[in-house]
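Student: Quick one: structure below, then a few questions.
What follows is calculated from the coordinates using simple rules that are stated; it is not laboratory data. The structure presented is a predicted model; accordingly, all values stated were derived computationally and were not measured. Don't worry about glycine lacking a Cβ; one is built from the backbone with ideal geometry, like all the others, and counts go over all protein chains shown.
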Amino acid sequence: GCAHGCLSAASVSPLHFISPVFCFLLSCVFKAYLLLLSTPAAVGFLTVSSAVTMSAPFLLGKVIDTIYTTGTDTETMAASLTSLCIMLTGVFLVGGAANAARVYLMQSSGQKIVRNLRASIFSSILTQEVAFFDRSRTGELINRLSADTAMVGRSITDNLSDGLRAVAQAAAGVSMMFYVSPSLASFVLLIVPPVAGLAIFYGRYLRSISKRTQDALAQATQLAEERISNMRTVRAFGKELSEVNTYTEKTDQVFSLARKEAVLRAGFFGVTGLSGNIMILSVLYKGGLLMASQHMTVGELSSFLMYTFWVGISIAGLSSFYSELMKGFGAGTRLWELLDRKPEFPLNGHELNDHSIVGQLEFDDVTFAYPTRSEAPIFQNLSLMVPAGTIMAVVGPSGSGKSTLVSLLLRLYDPDAGMISIDGHDIRDLNPYWLRSHIGTVSQEPVLFSCSIRDNIAYGAVDQEAVTTEDIYRAARVANAYNFIQAFPQGFDTVVGEKGVLLSGGQKQRIAIARALLRNPKILLLDEATSALDAENEFLVQEALERLMEGRTVVIIAHRLSTIQNANAVAVLDQQRVVECGRHAELLGNRQGLFRKLMEKQAFLQEEQQRALR
Ligand SMILES: Nc1ncnc2c1ncn2[C@@H]1O[C@H](COP(=O)(O)OP(=O)(O)OP(=O)(O)O)[C@@H](O)[C@H]1O
């Protein structure tokens, strides 16, 4: 709710035309302000607790003056001292309670903002177009989601709360110093301007270091994520040591930036500490002179000294607040970029009547190149028609664009020219969610999620909540998966491991088929496995696929002769277009055709394989 609204509100403001840094600062102040608005109670408690803290030196000064008052008898003094102390105890109790309430409220609303920030970032990532993921790297995005949000979170939770308190106390302390002794105050505060100048310089540098640190960290995370999730490959090539070294190099970059930050911090904190002591010393010096000349009482000087301490402590608090805030800004830069990024793909469009769609597919003069490689066109003026309810097998040399054809139908990318239509409707006019809800896919290497088999199958349903156990069993039976799943000790509740590593290739495929069945799509996009399964598995998968294809429009990237023979038509892709299209037998008839050459090669290869096996 609020966080997303307020976080993105700044992005549309005309402020964007002013210096981005200024804009960024303003938007952060704006967000902090919204945080405060959302917690008026917290601000109330902050005011009460700060007022109590700041009145303490004044009241304690009064106590000291009561003690030092001459000319009254001991009893009167004791009586007024007692009542003063009792009153002060009450005031302090109220202050303590208000402080506790402030910390609780600020902290919990800050965490709420972090939660909203994480949710918004995740939703922003998931709505980006597929080309965005071709360019970005998983580990980096994960780092944004976990480390950067934590950093920003820290800077707006505890930090903001303590920082505001420090600001309030410094302001109140300074005013009280002026109230107690204007001349002493103006003398002491001469030290503030040079320190403030230093702080601005320091903050700017710290922010840039923080941004670079988060970037370096993202790179390290990226490397770790990729290597850990592909551990089997790393191990197979025996690259553990060299990967550890590469990772260490990446973390060295983080470390060297951290060391720079340490130097910077050391200098800054040294200077602020020093200036605090100098302030105290100058109070004693100048105050001592004022007292000697009867311009101040000992109580006033004590009060003043306590205020100076308070201001000193607040300034120390402010410096760390300021440091954390600047680091938060640095880490936030990338987050805000991600949050404000509008997907290049529209997410809406109209929907057709669910029952009237028949599933006729057509590529009309399609030209396409991947956005990341726009100079290398994959298709040029490609045309292909798949009548409703028929099976179209797609064949072609490796890299001819068979998978790309499927991606275009799923509308993961849009063609650069030409049109792809379903039942005569340009798919660019259709709601992509609606479109995909009518398309089922089974890929060569189906990806399963690390949850139970039951949940993996249910993932296929458009409405996952409405899926019954009976539906899942039925889909599993049709997909020839029921028996092997029930044979697992935990049956349908068996957890399949990350990407389904705990299952065999054929098992994964049959679960993927069950998943597609549950969706009951009009259109089916299949990528036949190239890797040979054993005869038993092969037969089961094949049978499941045939059942899955019944009564649907199917585009299948075919590798098996039987699939090609059973298809209603075969399209041969080459040189960025469809070079041949027709029935298997017709295409074989063309002695010069690419299809015949491909088939001869395949037959030759199969013979070779069989000979090798023998
Ligand atoms: N996401 C991508 N970004 C940029 N180029 C890509 C992308 N995916 C594939 N390509 C390129 O597009 C071309 C066609 O790839 P595609 O995967 O469609 O071929 P294919 O016919 O399915 O190949 P194979 O039979 O080997 O799987 C290839 O040259 C490939 O390098």
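Student: Hey, what does the equivalent ellipsoid look like for segment 271-331, semi-axes from the Cα gyration tensor as sqrt of 5 times each eigenvalue, largest first, whole Å?
Tutor: Working: eigenvalues 218, 21, 7 Å².
After diagonalising the Cα gyration tensor, the semi-axes are 33, 10, 6 Å.
Student: Give me P(r) over segment 242-296, computed from all C-alpha to C-alpha distances, binned every 5 Å, as integer percentages.
Tutor: Final binned percentages: 5, 16, 11, 10, 9, 9, 8, 7, 6, 5, 5, 4, 3, 2, 1, 0.
Student: One-quarter of the Cα convex hull surface for segment 179-324, in nm²?
Tutor: Numbers: hull surface 43.5 nm².
The Cα convex hull of segment 179-324, projected and averaged over all directions, gives 10.9 nm².
Student: Read phi for every residue in segment 297-302 and hand back ³J(HN,Hα) as whole Hz from Karplus 6.51 cos²θ - 1.76 cosθ + 1.60, θ = phi - 60°, with x for Gly and Pro.
Tutor: Per residue, the Karplus-derived 3J(HN,Hα) values read 8, 5, x, 5, 5, 4 Hz.
Student: Please name whichever of 462, 544, 399 sits farthest to the positive end of the charge dipole of the chain, dipole taken about the Cα centre and charges placed at Cβ: Lys and Arg +1, Asp and Glu -1.
Tutor: Going by the Cα projections, it comes out as 399.
Student: While we're here: Using modelled backbone amide H atoms (1.01 Å from N, in-plane), which distant-in-sequence or interchain residues come within less than 5 Å of residue 569's amide H?
Tutor: Answer set, sorted by chain and number: 391, 393.
Student: Over 19 Å between Cα atoms: which of 342/499; 342/402; 260/327; 211/327 fall into that group? Don't skip to the answer; put the middle values down first.
Tutor: Numbers: 342/499 29 Å; 342/402 30 Å; 260/327 13 Å; 211/327 8 Å.
342/499; 342/402, as the Cα separations exceed 19 Å there.
Student: Quick one: the Cα spread of segment 377-458 along its three principal axes, in angstroms, biggest first?
Tutor: 44, 32, 26
Student: Another one. Rounded to the nearest 10 degrees, what's the angle between the helix 74-126 long axis and the longest principal axis of the chain, both from Cα atoms, 0 to 90?
Tutor: It is inclined by approximately 20 degrees.
Student: No solvent, one uniform scatterer per C-alpha: report log10 I(q)/I(0) for the chain via the Debye equation at q = 0.05, 0.07 1/Å, two decimals.
Tutor: Relative scattering, expressed as log10 I(q)/I(0), comes to -0.40, -0.66.
Student: Next up: Using the Cα centre of the chain as the reference point, and only Cβ charges (+1 on K/R, -1 on D/E), how large is the resulting charge dipole? Debye, rounded to the nearest 20.
Tutor: Details: 53 positive and 55 negative charges, 231 e Å.
Dipole about the Cα centre, nearest 20: 1100 debye.
Student: Kindly give Rg over Rh for segment 361-613, based on alpha-carbon atoms, with the Kirkwood expression for the hydrodynamic radius. Don't jump to the answer; show the numbers that get you there.
Tutor: On the way: Rg = 18.8 Å, Rh = 19.2 Å.
Using only Cα positions, Rg/Rh for segment 361-613 is 0.98.
Student: OK, next. By per-residue mean of other Cβ atoms within 10 Å, what is the highest-first order of 486-499, 179-192? Intermediate results must be reported in sequence, preceding the final value.
Tutor: Details: 486-499: 13.7, 179-192: 16.7.
Highest mean packing first, the order is 179-192, 486-499.
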